[in-house]
Amino acid sequence: MAEITHVIKRSGAKVRFNPNRVANAIYRAAIAVGGRDKKQAELLADQVEEILKNKFSKDNPPHVEEIQDIVEQVLIKNGHDEVAKEYILYRNEQNRKREERNQKLSHPSENIPWAKLWKVLDWATKNDLNTIPKMNARIENGEFPHIVHESESAYENEVSVASDLILEREDKIKVVMISGPSSSGKTTTTIKLEQRLKKHGLSFVTLNVDNYFFDLEMHPKDEFGDYDFETPQALDLPLINEHVSALCKGVEVKIPFYDFKTGSRFLNRTNLKLEENQILLIDSLHGLFPAMTKDVDDEIKFKLYLEPLLQMKNEKGQFIRWTDLRLIRRMLRDATHRAYNPQQTLEHWHYVRSSELRNIIPYINTSDYIINSAMPYEIALYASRMLSLFEEWTEKFIDDPLKEDAFKRANRVREFLQEVIPVEDDSSVPEHSVLREFIGGSSLKY
């Protein structure tokens, strides 16, 4: 039986074969249909590897598509039709997305809030912040503090609008869900929103969904073999739905507690009940994921979505990507608060992004209101703090097939940061700014 050492990627690059990735893929598909038998996933992966060794060799490595074909065959042969269906559906969806990117289709995406974007673009144009050259001209003119003021005022106004919309329905709303992808500013926005509601006699009672994580041994893993805390399937969605539904009806529940040190969940730990003038708050990446609150009437929900919807073009006429802003924000936050190396954040970001595209972005247009958390001035601060790192990563990863995504992202960020006039002094940024959540120095208690 031949040894399999490498795999051919779709790009044609040859990379090391990691059998754990097969087991992880099977387990993730099983979780999507309600299964959590990790041992069974590993046994099925062993069957896949055995077939690969019989069909391929060190000198004749398999293509990734051939491996996926064998996974489907093994799942069906062993009677796991539902898991196979989920695996096939996900694979087909990924192929469709790749084809669309390759064909550069011009039809508008359903996952983009076009009406909101027009408003953001109109504001940026009126304030000469819709291109990097225009913002540079204002910075050269000594207007950086004024740009900060304009940006912060626009964001604060959007938080006020969200507050007003909740107050208009205060007699009906029982739960507010604040959602959005990683580093979109949910924590700061939640604090600011509650400050406004308190003035009207309302307050939030937080349901910390982190306590609903399954035990670590039941967690799905990402393609790097790390436990994936960012997928909704890492959470006990049926129990969250049961508890939220009960709380909205005035019933007391006992919420669990999750110990991150041991990776263990303990059920029925803390009593929770909504009192008069209290609103249940769910601040979560997956707040809009349907299964989380499927039995809760939409009439008593308020769904808020956050995203840094920056509408600014570089010198080539290309819009700066929102995901790149959030990548930098997360690097800064992780380095400051989680002792996490920024390079690790970069190398794992494509997996974070993949999860967002599957489980968060598709629900953006189901929200009741969207807040733009982008601060146009933030890229000038990043140019001062982060440009040298992105230049280093671009050079480091340029010829590494395993770091292809990291190279593309680093190079893209490097290019637009090089165009921006760097600003080192952040003293004009308010201590309560949403940006302080990432660059540090916030007066808010997180």
- Note on the structure: Of all strands (runs of 3 or more DSSP E) fully inside region 218-293, the set with 1 or more residues that are free of Cβ contacts under 8 Å to residues at least 60 places away in the same chain is 253-259, 264-272
- What number goes with the only condition from (1) part of a loop (DSSP other than H, G, I, E, B); (2) in contact with a helix residue (DSSP H, G or I) (Cβ under 9 Å, 6 or more places away or on another chain) that GLU431 does not pass? (2)
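Each row is one residue, and each column tells you yes or no for (1) touching a Phe, Trp or Tyr at 6+ places or on another chain (Cβ under 6 Å); (2) among the polar types (S, T, N, Q); (3) within 19 Å of MET292 (Cβ to Cβ).
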| position | (1), (2), (3) |
| --- | --- |
| LEU165 | yes, no, no |
| ASP171 | no, no, no |
| SER182 | no, yes, yes |
| LYS198 | no, no, no |
| VAL205 | no, no, yes |
| SER245 | no, yes, yes |
| PHE260 | no, no, no |
- Query: For residues in region 383-422 being under 22 Å from the mean Cα position of the chain (by Cα) and acidic (Asp, Glu), which is farthest from THR131 (Cα to Cα)?
  - Reply: GLU404
- Task: Name the single residue, out of those in region 69-83 being assigned to a helix (DSSP H, G or I) and either without any contact (Cβ under 8 Å) to a residue 40 or more places away in the chain or of a type in the set (Ser, Thr, Tyr) (or both), that is farthest from ALA25 (Cα to Cα).
- Result: LYS77
- Query: Does region 297-317 contain any residue that is touching a Cys at 6+ places or on another chain (Cβ under 8 Å), surrounded by 14 or more Cβ atoms within 10 Å (Cβ to Cβ) and at pLDDT 95 or above?
  - Reply: yes
- Only one of (1) assigned to a strand (DSSP E or B); (2) surrounded by fewer than 17 Cβ atoms within 10 Å (Cβ to Cβ) fails for PHE204. Which number is that? (2)
- Task: Being charged (D, E, K, R) and outside any helix (DSSP H, G or I) is the filter; apply it to region 15-46 and report the residue that is nearest to the chain's Cα centre (by Cα).
- Result: ARG36
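The values are calculated or read from the model by the stated rules, or taken from the named source; none is laboratory data. Given the structure is predicted, the values throughout are model-derived calculations rather than measurements. FYI the Cβ positions are ideal-geometry reconstructions off the backbone, even for glycines, and counts take in every protein chain you see.
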